[in-house]
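Engineer: Structure incoming, see below.
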Amino acid sequence: MHSLFLVLSTKCKEECPHCFYNVEPSRKYNEDLDVENLIRIFSNLRERNIEFYYLTGGEPLDHPDIFNLVRSITNIGAAPILLTNIHRPSESDLENLVNSGLAAMVVSLGRLTSAPILNRIEAELDSIVQRKAMLAKYFPDSISSILVITAFLAPYLSKILQRLKSIGLDTVIQPAFVPHTLRKDSMVSPFDISNEEWTVLMEEISNYSADTGLTYYPDYWNYLRDASGNAPKICRMGSDSAVIQPDGSIHACFHRPDLSAGNILHHDVDDVFNIMSGLAKRCHDARCFGDHCISMFLE
Ligand SMILES: C[S@@+](CC[C@H](N)C(=O)[O-])C[C@H]1O[C@@H](n2cnc3c(N)ncnc32)[C@H](O)[C@@H]1O
Ligand code: SF4
Ligand code: SF4
């Protein structure tokens, strides 16, 4: 396994309407991750040669032990990577993150995603330009971003990507995941737009796929809209990566709470990883690709 996602908490003050914890509040956890106890098992994790620890949430910067966690991951020779909203880190957070050894930061652009009209989008882009300049003072070579595409953002995608490219902010785009049962009501999913809007959006997705080398990407989007493209054949969740939830339970995938290998804080770590190898087989042929995922673990 080369990476672990640590969900430090599912709480967040930003309240992005498309956030999967707001779209589906039943995914939230009451507790926050017991970081002190997690650090106690780091010597076992070190032996597993996990290279990357993605710190996520909710908002991981609101967890009181975040800097201690970053330092502890660095101390076992692995790379801590923070997933945070671009508006969240203050100058003092950034200083502490640098001093703790943070390897990279992946910023989400949630306020942009929830700015449904052109002049609000333009104002938000201006604010992102300023925030990016501040973050780059501390992490000049290690900031990238994630832009979630919703139905109302789709028509402006070309303009937005051009602007982000002009400030050198590498951006991964992914559709807002909204389960089928909630799709039409939420008005958020980019798979519910008109055929005309879809054609325009797919031109942009094709350009993005050519630029990034993700040649399979348009197929997945078409598959998710109306099953006209090919679905991925392989998913590496559970084998390349797993997710530790705020209560310490460890799942093969964010979206499969049924694939739990036990609790990393309470069970024997070797047993947990043995169970995980079995669960990985259930992710491997990507049969559950659908409502939730276009991820880097799919091929
Ligand atoms: C849940 S957030 C947690 C970390 C941090 N608060 C942030 O916004 O980056 C992790 C990532 O999930 C993305 N995300 C949230 N809701 C999503 C959804 N419904 N569909 C796809 N991605 C989503 C965010 O854009 C972010 O990149
Ligand atoms: S900042 Fe992140 S966790 Fe918070 S609401 Fe937005 S996407 Fe969700
Ligand atoms: S196909 Fe999607 S939902 Fe299924 S295990 Fe892989 S990432 Fe998770």
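Engineer: Tell me, yes or no, whether segment 257-274 has at least one residue that is more than 20 Å from THR150 (Cα to Cα), under 21 Å from the mean Cα position of the chain (by Cα) and within 16 Å of ligand 1 (Cβ to nearest atom).
Structural biologist: For segment 257-274, residues more than 20 Å from THR150 (Cα to Cα), under 21 Å from the mean Cα position of the chain (by Cα) and within 16 Å of ligand 1 (Cβ to nearest atom): present.
Okay, residues lined up against (1) modelled with pLDDT of 95 or more; (2) of a type in the set (A, V, I, L, M, F, W, C); (3) farther than 30 Å from MET1 by Cα:
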{"residue": "GLU59", "(1), (2), (3)": "yes, no, no"}
{"residue": "LEU83", "(1), (2), (3)": "yes, yes, no"}
{"residue": "ASP126", "(1), (2), (3)": "yes, no, yes"}
{"residue": "VAL129", "(1), (2), (3)": "yes, yes, yes"}
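Engineer: Another question, then. Could you say which residue among LEU94, LEU102, LEU82 is in contact with a helix residue (DSSP H, G or I) (Cβ under 7 Å, 6 or more places away or on another chain) and assigned to a helix (DSSP H, G or I)? Step through it out loud before you land on a result.
Structural biologist: Values: LEU102 fails: assigned to a helix (DSSP H, G or I); LEU82 fails: assigned to a helix (DSSP H, G or I).
Unique residue meeting the criteria: LEU94.
Engineer: Now for a different question. Within the set of pairs 6+ apart or on separate chains, which have a first residue in segment 214-238 that is assigned to a strand (DSSP E or B), a second that is within 16 Å of ligand 1 (Cβ to nearest atom) and at pLDDT below 90, and C-beta atoms under 9 Å apart?
Structural biologist: So the pair list comes out as CYS235/CYS293; CYS235/SER295; CYS235/PHE297; CYS235/LEU298; MET237/CYS293; MET237/SER295; MET237/PHE297; MET237/LEU298.
Engineer: Evaluate segment 22-29: report whether one residue or more is more than 16 Å from ligand 3 (Cβ to nearest atom) and of a type in the set (Lys, Arg).
Structural biologist: yes
Rundown of residues vs (1) under 26 Å from LYS28 (Cα atoms); (2) basic (Lys, Arg); (3) touching a Ser or Thr at 6+ places or on another chain (Cβ under 8 Å), yes/no style:
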position: TYR53; (1), (2), (3): yes, no, yes
position: GLU59; (1), (2), (3): yes, no, yes
position: THR74; (1), (2), (3): no, no, yes
position: ALA78; (1), (2), (3): no, no, no
position: ARG88; (1), (2), (3): yes, yes, no
position: GLU91; (1), (2), (3): no, no, no
position: ASN99; (1), (2), (3): no, no, no
position: VAL107; (1), (2), (3): yes, no, yes
position: ARG111; (1), (2), (3): yes, yes, yes
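Engineer: Restricting to segment 262-294, count the residues that are surrounded by 15 or more Cβ atoms within 10 Å (Cβ to Cβ), touching a residue at least 24 places away in the same chain (Cβ under 8 Å) and closer than 28 Å to ASP34 by Cβ. First the steps, then the outcome.
Structural biologist: Quick first cut of segment 262-294, residues surrounded by 15 or more Cβ atoms within 10 Å (Cβ to Cβ) only: 262, 264-265, 267, 269, 272-273, 275-276, 279-280, 282-284, 286, 288-294.
If we keep only those that are touching a residue at least 24 places away in the same chain (Cβ under 8 Å) as well, we get 264-265, 269, 273, 276, 279-280, 282-284, 286, 288-294.
Then keep just the ones that are closer than 28 Å to ASP34 by Cβ; that gives 264-265, 269, 273, 276, 279-280, 282-283, 292-293.
Selection size over segment 262-294: 11.
Engineer: Can you list residue pairs whose Cβ atoms sit under 6 Å apart, with the first residue in segment 61-73 being within 14 Å of LEU83 (Cβ to Cβ) and of a type outside the set (S, T, N, Q) and the second being modelled with pLDDT of 95 or more and assigned to a helix (DSSP H, G or I)? Count only pairs 6 or more apart in sequence or on different chains.
Structural biologist: LEU61/ASP93; ILE66/PRO60; LEU69/VAL35; VAL70/SER100
Engineer: While we're here: Between GLU122, GLU197, which is without any contact (Cβ under 8 Å) to a residue 24 or more places away in the chain, in a helix (DSSP H, G or I), more than 16 Å from ligand 2 (Cβ to nearest atom) and surrounded by fewer than 19 Cβ atoms within 10 Å (Cβ to Cβ)?
Structural biologist: Numbers: GLU197 fails: without any contact (Cβ under 8 Å) to a residue 24 or more places away in the chain.
Unique residue meeting the criteria: GLU122.
Engineer: Sticking with this one: Need pairs with beta-carbon distance below 9 Å; first residue more than 16 Å from THR56 (Cβ to Cβ) and without any contact (Cβ under 8 Å) to a residue 24 or more places away in the chain and within segment 88-102, second of a type in the set (A, V, I, L, M) and buried (at least 18 other Cβ atoms within 10 Å of the Cβ); sequence gap 6+ or separate chains.
Structural biologist: If the second residue must be of a type in the set (A, V, I, L, M) and buried (at least 18 other Cβ atoms within 10 Å of the Cβ), the pairs left are SER90/LEU61.
Engineer: Let me ask something else about it. I'm trying to understand the selection: among the residues of segment 239-256, which are touching a residue at least 24 places away in the same chain (Cβ under 8 Å), in contact with a strand residue (DSSP E or B) (Cβ under 9 Å, 6 or more places away or on another chain) and away from ligand 2 (no atom under 16 Å from the Cβ)?
Structural biologist: Hits for segment 239-256 are ASP240, SER241, ALA242, ILE244, ASP247, GLY248, ILE250, ALA252, CYS253, ARG256.
Engineer: Related question: I'd like to know if segment 196-208 contains one or more residues that are within 16 Å of ligand 3 (Cβ to nearest atom), β-branched (Val, Ile, Thr) and at pLDDT 90 or above. Break it down into steps so the answer makes sense when it comes.
Structural biologist: So the first thing to find is which residues in segment 196-208 are within 16 Å of ligand 3 (Cβ to nearest atom), and the list is none.
No: segment 196-208 contains no residue that is within 16 Å of ligand 3 (Cβ to nearest atom), β-branched (Val, Ile, Thr) and at pLDDT 90 or above.
Engineer: Give me the residue from segment 20-48 that is within 16 Å of ligand 1 (Cβ to nearest atom) and of a type in the set (Lys, Arg) and, out of that set, nearest to HIS180 (Cα to Cα).
Structural biologist: The qualifying residue nearest to HIS180 (Cα to Cα) is ARG27.
Engineer: What tally of residues in segment 258-276 results from selecting those that are closer than 24 Å to PHE289 by Cα and in contact with a strand residue (DSSP E or B) (Cβ under 6 Å, 6 or more places away or on another chain)?
Structural biologist: The total comes to 5.
Engineer: Additional query: Cβ contacts < 9 Å: first residue more than 7 Å from ligand 2 (Cβ to nearest atom), restricted to segment 13-31; second residue of a type in the set (Asp, Glu), any location; separation 6+ or different chain. Result?
Structural biologist: Pairs found: LYS13/GLU59; LYS13/ASP62; TYR29/ASP247; ASN30/ASP247; GLU31/ASP247.
The values are calculated or read from the model by the stated rules, or taken from the named source; none is laboratory data. As the structure is a prediction and not an experimental result, all values here were calculated from the model. Neighbour counts run over all protein chains shown; Cβ positions are idealised from the backbone, glycine included.
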